[in-house]
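This report concerns only the one structure given below.
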Protein chains: 2
Amino acid sequence: VPIGDDAACVRLSGREDLVLTTDQMVEGVHFRRSTHPPELLGARALTVNLSDIASLGARPRWFLLSLFLPEDLADRYLEGILAGLSTEARRQRVTLVGGNLTASPVLALDVCLAGSVPRGTKPLLRSGGRSGDVLFVTGSLGGSALGLKLLQEGWRLNGKGVARGGPGRQAARLAALALRSHLAPAPDYELARNLARLRIASAAIDLSDGLSTDLRRLCLASGTGARIETELLPLPEAALRLRGKASAIRMALHGGEDYQLLFAVPPRKIPALEGLARSPRITRIGVLTSSPKRLVAVSAGRAVPLTPAGYDHLRGGVRRR
Amino acid sequence: VPIGDDAACVRLSGREDLVLTTDQMVEGVHFRRSTHPPELLGARALTVNLSDIASLGARPRWFLLSLFLPEDLADRYLEGILAGLSTEARRQRVTLVGGNLTASPVLALDVCLAGSVPRGTKPLLRSGGRSGDVLFVTGSLGGSALGLKLLQEGWRLNGKGVARGGPGRQAARLAALALRSHLAPAPDYELARNLARLRIASAAIDLSDGLSTDLRRLCLASGTGARIETELLPLPEAALRLRGKASAIRMALHGGEDYQLLFAVPPRKIPALEGLARSPRITRIGVLTSSPKRLVAVSAGRAVPLTPAGYDHLRGGVRRR
């Protein structure tokens, strides 16, 4: 069924189950037109959904795009969004099958992404963690939060990936890394799918709202507590060098939108995990514990309660961390 | 998979194909909080999507809800939206399987609805119409446009379905009908599904943006023109009695959001159609012709070009017809 009809029609094989997710991006909440290159914004609308589908271990297939278009939107900006989205869709082998557009006082993109899991593959949920399971994350944490701070301080990333906003070639190189983490996150979809397929992880969640917030969600769903060691957190080079260690740790604990995967692995499965991925692709950061809802961060031998300080979607406006 | 994980997981049988659609409602564009009872708004967010799925002849199954929530939204209004949505979901046997919420400067609801068609059932598309096929619509046209005008003039519908805004018990009864058409449209989902299942219609589209606009879309997809007879248009009693015939015809031709079905039927299938539904449930309004893109309305023996004057989503603001 070609695009443009009232609905899209697609086919799943009889040996697949359907997976559905949706995530939206709103101007002034998730991005600003003045700081987000449109191509990266378009790609990112897909990324945040691909990350959700991958975190269940599913394969993304088809998506619908809802566009909310304000009167003052420049044609070029809209074309940039669609070009970025389209390039990323091709790269990730997902097909736009429909959507809708409406006038709106605010620019927003809402993607609904459908994927499939082979029947028999257990989706990787938040709820399967058990006390004693070891916690890992992919990539590094806090880069997106730093990128956001840099944008607020006047740094910009151009279409060629070059950052401008302060003196020094080295600072610009580091800033470009952080800006990219924020403007164009690149989750490790393949690892997430393998973790589900090979049943290595017991639970997983994608880090959209910050480790302290999303770890809490995983613990609540699994009925466990957690202890993490701040010394183990994978800190991005840019955060360490531009802001120092204390600040880098704060951003890693509470900064959102890294879209890395947080997952729990029973100790007996760790050899299998190591066969699949090693540092720096994954980092052990702590362990699930038996005290429900009790989250602690251990730092220099001292345990302090880990309080969710990530992004709360209903205390909105552009977030400040 | 329970709600609250990163994505929802559902199962289709191996003998079904998947149908996907999405439609959004934005405050100031599609509704105003001050005039739309929240329960009706919640139900309507689902209705506009159910109408799309039904117009293909599919069965609606699962949906995702994206909420855009402004800071000044009263808890009671949000609870009303969710209550209305939930009641309508139960009534139409569709299941909320996930969604997302975000802070937003403007209240908006975006529903993504997934449905199924038995493999082998040809979905009812816009593109199947042929010259000579007879055009029908369900229900009556223009009631929603009248309802919107009445809202703008100060009429209100309360939670019990009673309209207030002017003198006279008879006017209030008629106003309530029109307000309901606008605030709580009730498409004929069953007929649409039967038309597809029994292969009676050659093409169909749901009337979301007005007959003159949506008929044009059907004709463009089918490569035909169309001739409709204004004398045949099913005009709502409220429009005729509150505004007179000329105005009722204008609203029927160009008023959007009736969510009735426009469909084309090859002449040899008309007996089968009549076995399925008769006036007033369906009304013959014209015929597809062989001149591509040429749409005419015949009135008192005179043919005038029918120019799309329905809602254009990118000339936004609250529409005025």
* To do: Could you tell me which numbered condition residue B:99 fails, if it satisfies all but one of (1) crowded, with 17+ Cβ neighbours inside 10 Å; (2) at the interface with another protein chain (Cβ under 10 Å from one of its Cβ atoms); (3) at negative phi?
  => (3)
* To do: Select, from A:146, A:109, A:183, A:179, the only residue that is at pLDDT 95 or above, open to solvent by less than 30 Å² (accessible area, probe 1.4 Å) and more than 23 Å from residue A:86 (Cβ to Cβ).
  => A:146
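Looking only at region A:126-144, decide whether some residue is touching a residue at least 60 places away in the same chain (Cβ under 8 Å), farther than 30 Å from residue A:287 by Cα, not in a helix (DSSP H, G or I) and not basic (Lys, Arg).
No, the conditions are met nowhere in region A:126-144.
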* **Test for residue A:196: is it within 19 Å of the chain's Cα centre (by Cα), over 22 Å from residue A:140 (Cβ atoms) and in contact (Cβ under 8 Å) with a residue 60 or more places away in the chain** => yes
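Let me confirm something: among A:249, A:205, which residue is in contact with a helix residue (DSSP H, G or I) (Cβ under 6 Å, 6 or more places away or on another chain) and within 14 Å of residue A:124 (Cα to Cα)?
The match here is A:205.
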* Please verify whether region B:248-256 includes one or more residues that are touching a His at 6+ places or on another chain (Cβ under 9 Å) and either surrounded by 15 or more Cβ atoms within 10 Å (Cβ to Cβ) or closer than 22 Å to residue B:194 by Cα (or both). => no
* Asked: For residue B:232, are the conditions met, namely being in contact with a Lys or Arg (Cβ under 7 Å, 6 or more places away or on another chain) and surrounded by fewer than 18 Cβ atoms within 10 Å (Cβ to Cβ)?
  -> yes
* Within region B:169-182, is even one residue part of a strand (DSSP E or B), closer than 29 Å to residue B:69 by Cβ and in contact with an Asp or Glu (Cβ under 7 Å, 6 or more places away or on another chain)? -> no
* Those strands (runs of 3 or more DSSP E) lying entirely in region A:1-80 with at least 2 residues open to solvent by less than 10 Å² (accessible area, probe 1.4 Å) and within 20 Å of residue A:101 (Cα to Cα) -> A:16-26, A:59-69
* Options A:117, A:134: the member that is open to solvent by 10 Å² or more (accessible area, probe 1.4 Å) and among the β-branched types (Val, Ile, Thr) -> A:134
* Tally time: how many residues in region B:38-78 are among the acidic types (Asp, Glu), within 14 Å of the chain's Cα centre (by Cα) and more than 9 Å from chain A (Cβ to nearest Cβ)? -> 0
* To do: Just one of (1) among the small types (Gly, Ala, Ser); (2) within 13 Å of chain B (Cβ to nearest Cβ); (3) surrounded by fewer than 17 Cβ atoms within 10 Å (Cβ to Cβ) trips up residue A:86, so point out which.
  => (2)
* Output the number of the condition that residue B:275 fails; it satisfies all remaining conditions of (1) touching a residue at least 24 places away in the same chain (Cβ under 8 Å); (2) under 18 Å from residue B:138 (Cβ atoms); (3) open to solvent by 30 Å² or more (accessible area, probe 1.4 Å). => (1)
* Quick one: count up the residues across region B:128-168 that are touching a strand residue (DSSP E or B) at 6+ places or on another chain (Cβ under 8 Å) and under 19 Å from residue B:270 (Cα atoms). => 11
* What number goes with the only condition from (1) among the β-branched types (Val, Ile, Thr); (2) at pLDDT below 95; (3) in contact with a strand residue (DSSP E or B) (Cβ under 7 Å, 6 or more places away or on another chain) that residue A:121 does not pass? -> (3)
* Quick one: what pairs do we get from region A:20-36, first residue hydroxyl-bearing (Ser, Thr, Tyr), second part of a loop (DSSP other than H, G, I, E, B), C-beta under 8 Å, 6+ apart or different chains? -> A:21/B:6; A:21/B:7
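Answer with yes or no whether residue B:185 is part of a loop (DSSP other than H, G, I, E, B) and in contact with a strand residue (DSSP E or B) (Cβ under 9 Å, 6 or more places away or on another chain). Please lay out each step first, then the result.
On the way: part of a loop (DSSP other than H, G, I, E, B): yes; in contact with a strand residue (DSSP E or B) (Cβ under 9 Å, 6 or more places away or on another chain): no.
Judged against the criteria, residue B:185 is not a match.
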* Asked: If you take the residues in region A:25-37 that are more than 24 Å from residue B:109 (Cα to Cα) and not hydroxyl-bearing (Ser, Thr, Tyr), which one is nearest to the other protein chains (Cβ to nearest Cβ)?
  -> A:36
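For residue B:300, indicate whether it is open to solvent by 30 Å² or more (accessible area, probe 1.4 Å) and touching a His at 6+ places or on another chain (Cβ under 8 Å).
Spelling it out, it is not the case that residue B:300 is open to solvent by 30 Å² or more (accessible area, probe 1.4 Å) and touching a His at 6+ places or on another chain (Cβ under 8 Å).
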* Condition test on residue A:7, is it in contact (Cβ under 8 Å) with a residue 12 or more places away in the chain, out of contact with any strand residue (DSSP E or B) (no Cβ under 7 Å at 6 or more places or on another chain) and within 11 Å of chain B (Cβ to nearest Cβ)? -> no
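The values are calculated or read from the model by the stated rules, or taken from the named source; none is laboratory data. Since we're looking at a predicted model, the values are computed, not measured. All Cβ positions, glycine included, derive from the backbone under ideal geometry; neighbour counts span all protein chains shown. Keep in mind that these areas ignore ligands, DNA and RNA; they rest on the heavy atoms of the full protein, side chains included. Shrake-Rupley method; radii C 1.70, N 1.55, O 1.52, S 1.80 Å.
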